[in-house]
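To keep things clear, I will list the structure first and then write my remarks on it.
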Amino acid sequence: MLLELRGVKKSFGATNALIGVDFSLEAGQIHAVCGENGAGKSTLMKVIDGILQPDVGQIFIEGKQVQIKDPGHAARLGISLVHQEISLCGSASVAENIFMYEINQSKRLLMDYQELQVRAKKIINTLDKEIDTSINVENLTLSNQQLVEIAKALALDCKILILDEPTTSLTEVESKSLFKVLRSLAKGGIGVVYISHRMAEIFDNCSHITVLRDGASVFNGLVKDTTPDEIISKMVGRELGKYYPEKSKKIGTRPLFEVVNVSDASRVNSVSFQILPGEILGIAGLVGAGRSEIAKAICGLTPKTSGAVKINGEAVDASSYPAALAEGIAYLSEDRKLEGVFLDLSIQSNISSMALSTVQTTVMTVDADKEKVQAEELGKRLKLKASSVTANTSSLSGGNQQKVAIAKLLATRPKIIFMDEPTRGVDVGAKAEIHQVLRQLCHEGVGIAVISSELPEIIGLCDRTIVIRNGTVAGQLSAHETTEESILRMASGMAKE
Amino acid sequence: MKLKTNNLREAGLIVIIAALCLVMSFASEFFLTWENMRAMLLSFAIEGIVVVGMTVLLIVGGIDLAVGSVVCLSMVIVGALFLHGFDPWTASVIAVVASAGIGLCMGLCVTKIGLSHFIASLAFMVIARGLSLAITQGTPQSLFSLPAEFKLIGQGTIYGLPVVIIIFGLIVVVSDYILRNSVLFRKVFYTGSNERAAMYAGIDVNSVKLWVTVLCGTMSGIAGVVYTARFGAATPTFGVGMELNVIAAAVIGGASLKGGSGTIYGAVLGLALLSVVTSSLILLDVSVYFQDVIKGGILLVAVSLDHWINSRKQSN
């Protein structure tokens, strides 16, 4: 047994990320680990790489129990991890990034850039790719950065190679080359752990599969003995239909909200779409396709170079975010900690922060009582679980923090809300509650657009979906056309047959 | 290829400095004389030693507001020990070690306690200044009796070239080379560019931050010794505001306060630009009070230009 985990548990404050995971990997396997976002995949991988220490549980490598102290230690044990988020040094060259671990270990005094570049090129070439290894990583495209991230792991002489959703920003061809390399590595006796929720990829390339749900391992077996449907039902743990609120029965025809040919200076290229009354619009696409950038441009968070935004057929000023907010267009950021909530402030001051005029006294001071009443009302509506609305937001779990971020938007009484990853890192219960609220808002006549990387969320929640590719709308799918496959086809630019 | 943007910036700075010198040569025939050039070089050479340490610290993502105070403390230590009968060489070694010690304390505050470089160095800026005032009782020390061999460091020449400039030149050339080519210093870039990525690659980022902070203190200490030899005196109020000049120079030369970028030559050229502007303003009889306004303006224009070029590059 190359790698074995027994009963691994890990919690962060009140959030239980892992509640008991068993996992085993043999040499020569390509072992898929799948699960919904928030199921604990990335946490598990960080435990294996020594970035996080498990609270409880044992890790064995080749039969010996180990305590992995840090990523350097993991590398010495032969473990190499390709992170989901690209973590490269932008102002260092491609070659240096690929060999950073080795440079750190080296006893040499001076750098040999030439030699590094030549060797880096060889590794990149095994991925059927040409990248100038002397340029700085910050000048590469996102998908090339991802390849560098993979090359970095291949450069280590590892026994266990872990890839955390490595294909999210790769093209189809690049993914194929990657799998070719992975298969030859596995043949050479390396154990590969492959994290993904793309069923097609897993069933085409992996030999074993482990499913995580809510922080526990719930299934483990050979890929050839199972089916995608079985895996998905294991991942979700319940019927999809019951998990999401019922879809809209009555959708209007006169658009509530229209976006006409919106472009910005960088990523967003002539985007047009509509939100109809009574529908939740899904905005899907691969990581890096420009979904958030589009929402930010529409809401005036980044400057538009052209295009118009209309509410009920009338053009409105959304040139800046304050102007857009005044018109009733609100944006929920995908990055809760950095852009969503003020962690050090109380729940009630968070909720009133965007709509101070609603809790103002006549002499322009904040009326703490009004603030409290408003926070309690919205908190109740969102089923916020907190000791009191005067508590610090940082004391809440991820899901409840997200509810505060949403309440903050609702306090402005928006007509249109762009929700960027509204349930990222949120536990399953809170997720369902947030979905219920979105559906209810939609019934009340608020226009809702949901950006999500989680395809089941798009499929389960939205009444219609537009797919973004290269900063523009690649196409749209009605509720019954929306499947993981149809979205991915459109998102990766394969014609819809 | 890899240093393209940096080379461009350095070339740009050289062009601006040359153009400024050319314009000034019309305004004052004294400007382009060897005497004046030497005076200008001398005026920034010692500060240049501090700039080297600061640039490396900025690259790792740190900052040191205490450099001016530490330079002064180093001078005062040399002076006080000399007046108490130490020979100036031993006194200098002790002064440099003490300056490195201040850097070490600052670095430990950052890596062990978790303070930011800004706050830690702000505290040590005040502490080092206070120590200087305490040691001297607030009065300048006159060190006329320093031996001639020691004064040579600050006042002598070799083949007509001031020793100060030779020391400065050596430090710049050597530090630029090792910063670009040594394995050890590359880790400074990695840590400053993306601390998490560096950590994932097994680099001990805290120890990198620690020794770079010590290095910056050491450079300030060395500069203090050279100043002492040059002036033959130690003033407990010397170096007030030096940190701003030094940081401005490094930033004009391409260092980023976010870490990950910066070059020694760029920083030295930044300092040279500020120095040429100062001496031009003096020759043009501009009021001393206005000189700072203009220098601040240059910093603002340089940094804005850089920001503008970068954001354009990114959107393309």
Residue match in segment A:457-473 (condition: of a type in the set (Lys, Arg) and touching a residue at least 60 places away in the same chain (Cβ under 8 Å)): yes
Condition met for A:MET100 (in contact with a Ser or Thr (Cβ under 9 Å, 6 or more places away or on another chain), within 12 Å of chain B (Cβ to nearest Cβ), of a type in the set (A, V, I, L, M, F, W, C) and within 25 Å of B:SER256 (Cβ to Cβ)): no
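Yes/no matrix, rows are residues, columns are (1) of a type outside the set (S, T, N, Q); (2) farther than 20 Å from A:LEU2 by Cβ; (3) not assigned by TED's automatic domain parsing to the domain that holds A:SER486:
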{"site": "A:SER177", "(1), (2), (3)": "no, yes, yes"}
{"site": "A:SER207", "(1), (2), (3)": "no, no, yes"}
{"site": "A:GLY221", "(1), (2), (3)": "yes, no, yes"}
{"site": "A:ASP225", "(1), (2), (3)": "yes, yes, yes"}
{"site": "A:ASP229", "(1), (2), (3)": "yes, yes, yes"}
Unmet criterion (only one of (1) farther than 22 Å from A:VAL47 by Cβ; (2) at pLDDT below 80) for A:THR168: (1)
Close pairs (9 angstrom Cβ cut-off, 6 or more residues apart or separate chains): more than 14 Å from chain A (Cβ to nearest Cβ) in segment B:253-267, among the charged types (D, E, K, R) anywhere: B:GLY253/B:ARG9; B:GLY253/B:GLU10; B:ILE264/B:ASP176; B:ILE264/B:ARG180; B:TYR265/B:GLU10; B:TYR265/B:ASP176
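Just checking, which of B:VAL183, B:VAL163, B:VAL174 is surrounded by fewer than 24 Cβ atoms within 10 Å (Cβ to Cβ) and within 11 Å of chain A (Cβ to nearest Cβ)? Explain how you work it out, then say what you get.
Values: B:VAL163 fails: within 11 Å of chain A (Cβ to nearest Cβ); B:VAL174 fails: within 11 Å of chain A (Cβ to nearest Cβ).
Of the residues listed, the single one that is surrounded by fewer than 24 Cβ atoms within 10 Å (Cβ to Cβ) and within 11 Å of chain A (Cβ to nearest Cβ) is B:VAL183.
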Lone qualifier among B:LEU133, B:LEU115 - being touching a residue at least 40 places away in the same chain (Cβ under 8 Å) and out of contact with any strand residue (DSSP E or B) (no Cβ under 9 Å at 6 or more places or on another chain): B:LEU133
Of all residues in segment B:296-316 being modelled with pLDDT of 85 or more and of a type outside the set (A, V, I, L, M), the one that is nearest to the chain's Cα centre (by Cα): B:GLY296
Number of the condition not met by B:ASP292 [criteria: (1) within 14 Å of chain A (Cβ to nearest Cβ); (2) part of a helix (DSSP H, G or I)]: (1)
Residue selected from segment A:63-84 under the condition outside any loop (DSSP other than H, G, I, E, B) and touching a strand residue (DSSP E or B) at 6+ places or on another chain (Cβ under 8 Å), by the criterion farthest from the other protein chains (Cβ to nearest Cβ): A:GLN65
Subset of segment A:382-429 (residues that are among the charged types (D, E, K, R), assigned to a loop (DSSP other than H, G, I, E, B) and in contact with an Asp or Glu (Cβ under 7 Å, 6 or more places away or on another chain)): A:LYS383, A:GLU421, A:ARG424
Lone unmet requirement of (1) at positive phi; (2) surrounded by 15 or more Cβ atoms within 10 Å (Cβ to Cβ) for B:GLY241: (2)
Failed item, numbered, when A:SER87 is tested on (1) within 14 Å of another protein chain (Cβ to nearest Cβ); (2) among the hydroxyl-bearing types (Ser, Thr, Tyr); (3) part of a strand (DSSP E or B): (3)
Test set (1) of a type outside the set (Gly, Ala, Ser); (2) out of contact with any Leu (no Cβ under 6 Å at 6 or more places or on another chain); (3) touching a residue at least 60 places away in the same chain (Cβ under 8 Å); (4) within 18 Å of B:SER220 (Cα to Cα) - B:ILE165 fails condition number: (2)
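The values are calculated or read from the model by the stated rules, or taken from the named source; none is laboratory data. All of these numbers come straight from a predicted model, not from anything done at the bench. Cβ atoms come from the backbone with ideal geometry, glycine included; neighbour counts cover every protein chain shown.
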